Each structure stands twice: as structure tokens, then as C-alpha cells.
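The values are calculated or read from the model by the stated rules, or taken from the named source; none is laboratory data. No experiment lies behind these values; they were computed from the predicted model shown. Here Cβ is always computed from backbone atoms with ideal geometry, including for glycine, and neighbour counts include all displayed protein chains. What goes into the accessible areas is simple: the full protein's heavy atoms, side chains included, and nothing from ligands, DNA or RNA. Shrake-Rupley method; radii C 1.70, N 1.55, O 1.52, S 1.80 Å.
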Amino acid sequence: MAETRTATGAARIEAAFDAARAEGRAALMPYMMGGFPDRESSVRIAHAYVDGGADLIEMGVPFSDPLADGPVIHEAATAALNAGIRLETVLGICREVSTRVPVVLMAYTNMILGGDGPADFAARAREAGASGVIVPDLPLGEDEDARRILGEAGLAVIPLIAPTTLDRRREEICSVASGFVYVVSDVGTTGERGELPGHLRELVEDVREKADVPVAVGFGIGSAEQAGEVGKTADGVIIGSRLVRMLADAEGTDEAVSGVTAFLVEAREALADGQSSRVM
């Protein structure tokens with residue numbers, strides 16, 4: 001993907017989903033904890049994600065008390081914080097890879113509302129080339145000034161919809177969505193699941209009917225086969241804990257890079273294999 005720093009975040013995200021759709025598959029969006037296991041390795045891993053077929057990257061900012069993250073990602077965040085990784089470090093990693101694919105930051109409200117406030121956070125994120133931000137503890141209606149400021153800075157503000165989100169609330173969330181809607185596949189925190197929940201297809205189809213932007217699914221997708229299955233219905237597939245666990249278990253950066261690259265190649269192939277049965 002050509003460098004497009006001047007494009008709005010929403011436009012870059014839309015282009016990434018459109019390119020995947022043109023190939024008849026869902027977009028592949030791997031998650032990484034910025035700065036884990038260390039800054040230099042994290043930069044190599046980000047590029048490995050792209051080399052493995054990522055259409056977008058979700059990049060977490062380490063936080064001490066993440067409400068949405070399960071043990072694997074929480075442990076990675078703790079390790080990153082203990083190693084001195086902070087928001088500015090993650091933005092530096094984002095800057096290294098954001099010319100290749102859109103990067104969506106996963107951050108919590110304290111780092112957006114704290115410090116010099118949301119305008120400063122938004123300016124720094126855009127300067128680093130970020131296209132959007134996911135804020136799991138910023139529900140619709142809680143701080144619309146922050147949402148507005150982020151959007152005015154050119155960042156897509158991606159909302160989340162869970163299986164427990166009521167129908168009227170889904171409509172309200174979809175009406176303000178920018179970039180894409182993040183559908184949480186199951187209740188609970190992030191982490192690999194042995195099987196996909198039975199309600200997922202119906203949930204995704206309902207959100208797709210309500211939203212004017214793509215719908216991506218995350219939480220619990222731990223294998224290429226599961227990615228391919230989700231990609232038959234969703235516009236995008238987000239894989240997180242499986243990749244972070246692979247990085248944690250790897251004996252060195254070279255092994256980590258080769259491992260995640262091979263896994264993402266397999267996942268992208270599974271998305272392509274499922275194109276004939278995709279619900280468009």
C-alpha cells in the first residue's frame with residue numbers, strides 16, 4: 001500500500017477493507033502489544049505482520065489495568081510497562097510501519113484524557129501515522145467531546161459492539177461508527193477459544209445491516225481455520241492473543257518473526273479459501 005499520510009484515517013481504513021473485498025475475502029487485522037517484548041523486536045514484528053499479509057494492524061498501548069484484555073495480553077502489557085514502554089514509544093513503532101498499512105491504536109481513556117488532553121493525544125497519534133483508535137472504556141455518550149476531537153484530527157474512532165449490546169443500542173453505535181465496527185465475538189476478555197460461539201454469524205449479519213462501515217470481529221479467534229470461518233461473514237478478522245502468546249513463547253526475535261509470519265500467511269490463505277462462501 002502506498003504511503004498516504006495526508007489521507008484521513010477513515011479513508012485509509014476504508015481503502016484497506018475495499019482492497020480485501022476486491023479480492024473476495026475479509027481483511028486480516030492482527031493485534032500486537034506495542035513495545036513487547038521490546039521496542040526493537042516490536043518494530044520487526046510489525047513489519048513481519050505486513051509481510052505475512054496483514055491489511056491493517058491493531059496496536060495496543062500498554063496499560064496497567066486493562067478491562068478488556070485477558071491474561072496473555074495483560075501479561076504482555078505488564079512486561080512492556082516494566083521495560084519502560086510508554087505511549088510515545090508505541091507511537092514511534094506506529095510511525096515505523098504506518099506508511100505500509102493503516103494502524104489502529106487500542107488505548108484506554110486515561111492516556112487520552114490525561115496529560116495534555118485528547119487534542120494532544122490526537123495530534124501525536126496522527127503525526128505518528130495512526131489511522132484510528134479503539135477505546136474500550138469510552139462507551140457512546142460518556143465523553144462525546146473526546147470522540148469529536150479525535151475525529152476532527154482525522155482519526156477514525158472505532159466503536160465496539162458485544163453480544164449483550166441491545167438492538168437499539170447497536171443502532172446508535174453504528175450510526176456514529178467511523179472506520180469500522182468492532183464486534184466482540186463473545187462475552188469476557190480477550191483470549192483464545194476452542195470454538196466459535198454459535199450466535200456469532202447472526203450477530204455479525206445484524207450489525208452489518210445496521211452499519212455503513214465494515215464490520216470486523218475480534219476476541220477468541222485463535223487459529224487460521226477459525227479466521228477463515230469468521231471471514232465468511234465478517235468484513236474483517238482480528239487475531240490477538242494467539243499471536244501475543246507466540247511472541248511470548250518464542251526463543252528470540254528471529255523465531256518470533258518467522259512464527260507470526262507463517263501463521264499470518266496461513267490465516268490469509270484461509271480467508272482467501274473461504275471467499276466462495278462469503279456473505280457479501
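Points to keep in mind about this one:
- Test: residue in the stretch 179-186 that is part of a loop (DSSP other than H, G, I, E, B), at pLDDT 95 or above and either among the small types (G, A, S) or in contact with a helix residue (DSSP H, G or I) (Cβ under 8 Å, 6 or more places away or on another chain) (or both): yes
- Odd one out for E229 among (1) at pLDDT 95 or above; (2) over 22 Å from I134 (Cβ atoms): (1)
- Residue that is surrounded by the fewest Cβ atoms within 10 Å (Cβ to Cβ), among those in the stretch 18-45 that are within 30 Å of P71 (Cα to Cα) and of a type in the set (D, E): E40
- Residue among E58, E40 that is outside any loop (DSSP other than H, G, I, E, B) and in contact with a Phe, Trp or Tyr (Cβ under 7 Å, 6 or more places away or on another chain): E58
- For first residues located in the stretch 62-75 and hydrophobic (A, V, I, L, M, F, W, C) and modelled with pLDDT of 85 or more, partners that are assigned to a helix (DSSP H, G or I) and crowded, with 20+ Cβ neighbours inside 10 Å and lie 6+ apart or on another chain with Cβ distances below 9 Å form the pairs F63/A77; V72/S241; V72/R242; V72/V244; I73/S241; I73/V244.
- Residue under evaluation A250, criteria (1) among the hydrophobic types (A, V, I, L, M, F, W, C); (2) surrounded by fewer than 16 Cβ atoms within 10 Å (Cβ to Cβ); (3) free of Cβ contacts under 8 Å to residues at least 24 places away in the same chain, criterion not met: (2)
- Single unsatisfied condition, A267 versus (1) over 26 Å from T78 (Cβ atoms); (2) within 15 Å of the chain's Cα centre (by Cα); (3) surrounded by 24 or more Cβ atoms within 10 Å (Cβ to Cβ): (2)
- Residue within the stretch 197-208 that is at pLDDT 95 or above and open to solvent by 40 Å² or more (accessible area, probe 1.4 Å) present: yes
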